[in-house]
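What follows is a single structure, written as structure tokens, with notes after it.
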Amino acid sequence: MSPQHEQVVSQAVANRYQNGDKTKRDVMTALHNYRGLSPKLDKFVFNDGSDRELLNLDGTIPVRYKGAVYNIPVCIWLLDNHPLSSPMVYVKPTPDMLIKASRHVDQNGKVYLPYLHEWNPNSSDLPGLIQIMIMTFSEMPPVYSKPKNAQPTTGAPYPTPYPSTNPGYLPMTGTGSSLPYPTTNPVGTSGYPPYPAQPGYPPSSTPYPVYPPTSTTGYPPSQPGPPSYPPPYTPGVTYPPYPPTTSNLTTQSTETSGATTAATGTITEEHIRASLVSAVSDRVRAKLRDSYGGAQAEVSVLRQQQADLNQGKIKVEGLISKLEQEQGELDKSIRILREREAEIKSVMSRLSSATEPLDVDEAVTTTAPLYKQLLNAYAEDQATQDAIYYLGEALRRDVIDLDTFLKHVRSLSRKQFQLRATMIKCRAKGNMAG
């Protein structure tokens with residue numbers, strides 16, 4: 001990864017991306033792991049006709065298919081709110097390639113993956129997206145070589161104007177920076193149209209070698225054909241293991257095959273057997289990676305659903321507990337109401353059946369002597385207050401003279417004072433408010 005890449009990324013995210021630091025960190029990690037990609041700042045034209053300058057990663061990613069490694073040209077566009085929104089990925093075929101439409105790639109080259117559909121800003125990133133693309137394309141290649149006799153077709157234009165230059169092809173990880181990909185033709189498969197030489201590919205800005213112009217390795221064909229055998233040995237080039245975790249058996253077999261072939265220049269059964277073992281092991285590893293990636297995505301979704309369900313369970317349990325409490329209080333209130341209703345009906349029945357006249361003074365009774373004393377004192381206080389009022393009215397109408405008024409008011413006031421003092425003591429004794 002050259003310093004120019006970091007400078008391009010820094011200038012692109014500045015004042016354009018909402019999460020500049022996260023975007024730069026994600027892009028630099030992807031460029032470090034996949035050096036066939038390079039950052040660019042171009043205009044992206046949306047479906048509504050509007051355009052915007054966006055950062056994109058343009059170049060190739062290594063995909064292993066039937067024992068051979070192909071460099072698939074792609075372009076990854078990042079929206080200005082990355083990583084909140086998923087990137088937009090397109091396959092960029094060269095003039096000698098055609099797009100092979102599938103459930104993951106449409107006729108315009110746009111890529112559709114569950115990883116993009118379930119993009120999570122907290123757990124998804126560009127290296128993970130590229131790894132999923134490599135595993136998906138190893139099962140269903142998105143491009144194939146154009147037959148030599150095929151007439152040029154006019155397909156739908158790409159949604160965005162892609163840059164005119166193509167980066168150099170990426171060498172295998174772990175094989176060194178000076179070793180290109182092996183370029184061989186499968187034995188006995190001459191029915192497949194070979195991929196033409198690439199003299200028009202400009203060299204990459206990275207120090208990695210470009211794809212050899214003498215290559216005749218064909219892109220995987222789109223039509224069915226005879227079975228493809230593992231690629232034979234090319235003199236002067238050793239088979240690099242892919243991925244780096246290739247088993248010792250496969251590595252040793254490949255190295256022995258290379259040494260023997262270099263000495264004799266012929267292909268023996270041991271060479272074919274070693275190539276078959278390498279192809280099968282790579283196919284098994286690719287399927288395991290695909291299965292592991294799919295299972296990991298499913299587990300992530302299930303865990304998120306489990307967390308949401310647990311939160312919903314807590315809320316529902318709280319609502320149920322609250323409803324049960326309110327139901328208990330409601331039942332208690334209904335029970336008390338029914339008891340009071342029965343008591344009222346009993347009193348009304350007793351009063352309606354009574355033959356003796358009702359004594360008003362005996363209608364109100366108290367449950368304790370203290371309350372009776374308080375009740376009597378209150379009644380006398382109110383009667384005294386009424387007496388003082390009527391004495392004032394008598395004085396106003398000249399029924400009594402002033403001396404008589406003052407004499408009776410003085411006596412009634414003294415009695416009223418004693419009654420109110422008695423009521424205060426009764427309330428204090430019975431722990432009643434004021």
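The values are calculated or read from the model by the stated rules, or taken from the named source; none is laboratory data. Note that the structure is a prediction, hence the values are computed from the model and not measured. Heads up, the Cβs are rebuilt from the backbone with ideal geometry, glycines too, and the neighbour counts pull from every protein chain shown. For accessibility, only protein heavy atoms count, side chains too; no ligands or nucleic acids. Shrake-Rupley method; radii C 1.70, N 1.55, O 1.52, S 1.80 Å.
Some points to look at:
- Test: residue 114 is in contact with a Leu (Cβ under 6 Å, 6 or more places away or on another chain), closer than 18 Å to residue 77 by Cα and not polar (S, T, N, Q): no
- Checking each residue in the stretch 43-69 for being open to solvent by 30 Å² or more (accessible area, probe 1.4 Å) and not aliphatic (A, V, I, L, M) picks out 43, 46, 47, 48, 49, 50, 51, 52, 53, 64, 65, 66.
- Residue 374 being under 60 Å from the mean Cα position of the chain (by Cα) and closer than 30 Å to residue 431 by Cβ: no
- Per the listing 38, 102, 124, the residue uniquely buried (at least 18 other Cβ atoms within 10 Å of the Cβ), out of contact with any strand residue (DSSP E or B) (no Cβ under 9 Å at 6 or more places or on another chain) and either at negative phi or of a type outside the set (A, V, I, L, M) (or both) is 124.
- The stretch 421-433, subset free of Cβ contacts under 8 Å to residues at least 40 places away in the same chain, open to solvent by 100 Å² or more (accessible area, probe 1.4 Å) and of a type outside the set (S, T, N, Q), residue farthest from residue 379 (Cα to Cα): 425
- Considering the stretch 265-288, the residues that are of a type in the set (Lys, Arg) and modelled with pLDDT of 85 or more include one that is surrounded by the fewest Cβ atoms within 10 Å (Cβ to Cβ), namely 287.
- Here residue 123 passes the criteria (1) modelled with pLDDT of 80 or more; (2) small (Gly, Ala, Ser); (3) over 33 Å from the mean Cα position of the chain (by Cα) except the one numbered (3).
Here's the yes/no breakdown for (1) in contact with a Gly (Cβ under 9 Å, 6 or more places away or on another chain); (2) closer than 27 Å to residue 426 by Cβ; (3) modelled with pLDDT of 90 or more; (4) open to solvent by 100 Å² or more (accessible area, probe 1.4 Å):
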{"residue": "325", "(1), (2), (3), (4)": "no, no, yes, yes"}
{"residue": "345", "(1), (2), (3), (4)": "no, no, yes, yes"}
{"residue": "354", "(1), (2), (3), (4)": "no, no, no, no"}
{"residue": "388", "(1), (2), (3), (4)": "no, yes, yes, no"}
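- Within the stretch 6-16, at least one residue is outside any loop (DSSP other than H, G, I, E, B), of a type in the set (Asp, Glu), at pLDDT below 90 and surrounded by fewer than 19 Cβ atoms within 10 Å (Cβ to Cβ).
- Exactly one residue among 299, 316 is in a helix (DSSP H, G or I), open to solvent by less than 70 Å² (accessible area, probe 1.4 Å), among the aliphatic types (A, V, I, L, M) and without any contact (Cβ under 8 Å) to a residue 40 or more places away in the chain, and that residue is 299.
- Filtering 27, 74, 89 for residues that are closer than 30 Å to residue 276 by Cα, open to solvent by less than 10 Å² (accessible area, probe 1.4 Å) and either modelled with pLDDT of 90 or more or in a loop (DSSP other than H, G, I, E, B) (or both) leaves a single hit, 74.
- Within the stretch 382-400, one or more residues are among the polar types (S, T, N, Q) and within 30 Å of residue 347 (Cα to Cα).
- Residues satisfying the stated conditions in the stretch 40-76, i.e. under 28 Å from the mean Cα position of the chain (by Cα) and under 16 Å from residue 93 (Cα atoms): 57, 58, 61, 74, 75, 76
- Some residue of the stretch 45-62 being under 26 Å from residue 290 (Cβ atoms), hydrophobic (A, V, I, L, M, F, W, C) and not in a loop (DSSP other than H, G, I, E, B): yes
- For the stretch 369-415, a residue qualifies if it is under 21 Å from residue 432 (Cα atoms) and touching a residue at least 24 places away in the same chain (Cβ under 8 Å), and the qualifying residues are 370, 371, 373, 374, 377, 378, 380, 381.
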